[in-house]
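Chemist: Encoded as structure tokens, here's the structure I'll be asking about.
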Amino acid sequence: MKTVSTHKVRAILMLVMGGGLLALIYFVNPHLFSSPRAQAGLTQNVSGWTWGENIGWTSFNSLDCDSDKNGRVDAGMCGGDNTSMIARDYGVNVNTSTKATGGTGALSGTAWNEHVGWVSFDRTKTGNPPAAPLNGGSGPIAQVDWATGSTTGWMRAISACQNNLLDGSGNCTGSGAGNAAGGWDGWISLGGAGTGPVIVGYAVERTDYTVGDTPRGIAFDSVTNSMWVVNSYSGTVSKINVNTGARVNYSVSTFPTDIAFDPVTNSVWVTNSSGISNTVSKININTGAKVNYIVGRAPTKIAFDPVTNSVWVVSTDDDIVSKVNVNNGSRIDYPVQNGTAIAFDPITNSMWIGSGNTLVKINVNTGVKNNYVGGSTSSPYGMVFDPVTNSLRITNYSGLDIIKKVNIFNGSWSSLDWVNVGTNPWGIAFEPVTNSVWVANSNSNTVSKVDVNTHTRIDYPVGTTPNGVAFDPVTNSVWTTNYSSDSVSKLQLTPIYESLPYEVKIAADKFGGWVWGSGVTGWMDFSPKIGGISVGPVVGVPPCTISDVPEGSWGACQRIGSCPADVGSTMGIKVGVCATGATVTSACTLPALVCAGGPVGPVAIPGCNYDGACNTGETPITCPKDCKVRYLQF
């Protein structure tokens, strides 16, 4: 007869052996013990992003926001924490079985757009396309010709369909427009169906506004969407609404010259350069309330540092640069002789000061200072960081009428990077719409627009003796202060379109080109060259129900909780998002949100090497200009 102790020993041995077996299985295949992974497999081999001028980012694969394939949404710009938020399984496939023989490959599956929800390539969800090609009632609605790489056909934003949305099916029943989406039918042509508008350039329209006496410095305030202008002889600053031109004046101290916006305390800081005051004025952008802080003698230039939340002030008579905390006004001084220009560099977290023929670089965290002789020439009155080439661009007021490109890591420069501009260049600003720097030429009454990549130059007339220059991202305009005509000139960039054939093609396993979707979509770029940020596709699985999509997000089954109760049903679809400067053309009455106008694209992101490829450390989110839609061979 077996004893109790024998049973215990055997039980213990079995537990040990079982535990060892489980450990071995985990070692060999640990994912079996993890939560189900939401990842694209062999049937979803397209990934990456497109950028649409009206609808923002479209993701073609759940891996776009689950790069480590752990079934959780990536942290950072995807909006997850890589731990708790589930990454839904979705994706687009292109059939590659006939690639070697030059046949056709069908596109299928579902993509996710941050503003219009699910975008489908499947006829069962989209219905029949509205026109040729592939509108025959069966088969794929989009395909690739592997012999040429050309893509033809259609895709459709499901959120534009009206008929079956409210029952949660997420399917379209026909090709017509849905009035729950403001009349938009959701169809986006991939090519082979006609022509569409392509941006071929930008028109520049000038408007002048009167300000105070002898305006100099200028800065944009992103909270109230206003330009702030320093009027030296009248001792005032003018706040100008960039949309309406409405103006309010505020008094400062004696002979103000420069200004910087501080988003931490929602203030503008003004240098009062007269030796009598030796102060900077901090002005609340909403109330106009003012506080003065003592700095060095004759403060003339100022720049905001977002790393330590400080403004840096150049005081020429004391040969110092003061670092002033924006919250409490506390100050640290650094010796810099004859400072004439200042700019912040977000790559090395440094403040750069032009000093005659020398550039001074001060780390904003440590205060460590480096001098680079020869980096500047003849009174550098303007200086700006260029995020496309990761360089400083510097104007030389006296002597050569040029701007220089300076390496931010070692202060080096080359005469090959000199660019001729107008006479006595003063202020300079970076403009991200066309990736250009704009230079105010004070003695030729012009501003020069210089492409930072090609160094091609175009001059535009402005008012008399332009000094300061700044970019306004709300109306996509460049503003310059005209010192001798007591005015500012607003130069608005308006895209010029031509109706040209459009087509998406595959080359070297990457999609390229652009498509055109009438109505809400506008143009969509399959090789994004503009930029933007997506919060990531984190909701719903097509087809979805209203409960799948959280309130406040976008999706094909979205309940519009923000529509006023007095305009009827709150069940429906938000289509599009009105960016700053855009207008609502159809509101919640049906309900829908359809936008027109607005900026062509967000500002460029510093720190990215915009060469069209995802380099080490770059992702579709952190460096969006670098990411293209591609198909992958798993």
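The values are calculated or read from the model by the stated rules, or taken from the named source; none is laboratory data. Everything numeric here is computed off the predicted structure, so don't read it as measured data. Here the Cβ positions follow ideal geometry from the backbone for every residue, glycine too, while neighbour counts run over all protein chains shown.
Chemist: Among the residues in the stretch 247-256, are any part of a loop (DSSP other than H, G, I, E, B), surrounded by fewer than 23 Cβ atoms within 10 Å (Cβ to Cβ) and modelled with pLDDT of 90 or more?
Modeler: No, because not a single residue in the stretch 247-256 is part of a loop (DSSP other than H, G, I, E, B), surrounded by fewer than 23 Cβ atoms within 10 Å (Cβ to Cβ) and modelled with pLDDT of 90 or more.
Chemist: Just to be sure, is N325 in contact with a Ser or Thr (Cβ under 7 Å, 6 or more places away or on another chain) and modelled with pLDDT of 95 or more?
Modeler: In short, yes.
Chemist: So is S415 over 25 Å from the mean Cα position of the chain (by Cα), surrounded by fewer than 24 Cβ atoms within 10 Å (Cβ to Cβ) and under 18 Å from R216 (Cα atoms) or not?
Modeler: no
Chemist: Taking the stretch 297-315 as the region of interest, how many residues are surrounded by 19 or more Cβ atoms within 10 Å (Cβ to Cβ) and outside any strand (DSSP E or B)?
Modeler: 1
Chemist: Evaluate the following for V270: is it in the same structural domain as M383 (by TED's automatic domain parsing), outside any loop (DSSP other than H, G, I, E, B) and farther than 15 Å from N292 by Cα?
Modeler: Criteria not met by V270.
Chemist: If the Cβ limit is 8 Å and pairs must be 6+ apart or interchain, which residue in the stretch 424-451 that is farther than 16 Å from L392 by Cα pairs with which residue that is of a type in the set (A, V, I, L, M, F, W, C) and not in a strand (DSSP E or B)?
Modeler: V433/V600; A440/V462; N441/V421; N445/V462; T446/V462; V447/V462; S448/V421
Chemist: Please tell me if D262 is farther than 14 Å from G235 by Cα and acidic (D, E).
Modeler: yes
Chemist: Which residues, taken from the stretch 412-471, are part of a loop (DSSP other than H, G, I, E, B) and aromatic (F, W, Y)?
Modeler: W418
Chemist: Also: Give the number of residues within the stretch 338-387 that are surrounded by fewer than 23 Cβ atoms within 10 Å (Cβ to Cβ) and in a loop (DSSP other than H, G, I, E, B).
Modeler: 17
Chemist: Can you pull out the residues in the stretch 458-472 that are within 19 Å of A203 (Cα to Cα), crowded, with 19+ Cβ neighbours inside 10 Å and out of contact with any Phe, Trp or Tyr (no Cβ under 6 Å at 6 or more places or on another chain)?
Modeler: Scanning the stretch 458-472 gives V462, G463, F471.
Chemist: Moving to a separate point now. Just the residues that are under 33 Å from the mean Cα position of the chain (by Cα) and of a type in the set (D, E, K, R), please, taken from the stretch 125-154.
Modeler: Passing the criteria: only K125.
Chemist: Give me the pairs: first residue in the stretch 329-346 and in contact (Cβ under 8 Å) with a residue 60 or more places away in the chain, second residue of a type in the set (V, I, T), beta-carbon distance under 8 Å, and six or more apart or on different chains, which are they?
Modeler: D345/I408; P346/V307
Chemist: Is the stretch 373-387 home to any residue that is at pLDDT below 90 and closer than 21 Å to V307 by Cβ?
Modeler: yes
Chemist: So K282 clears everything in (1) in a loop (DSSP other than H, G, I, E, B); (2) modelled with pLDDT of 95 or more; (3) not hydrophobic (A, V, I, L, M, F, W, C) except one condition, right? Which one?
Modeler: All conditions are met except number (1).
Chemist: Continuing with this model, one more query. Taking the options V406, V437, V447, V421, name whichever one is buried (at least 20 other Cβ atoms within 10 Å of the Cβ) and more than 28 Å from the chain's Cα centre (by Cα).
Modeler: When all the criteria are applied, what remains is V421.
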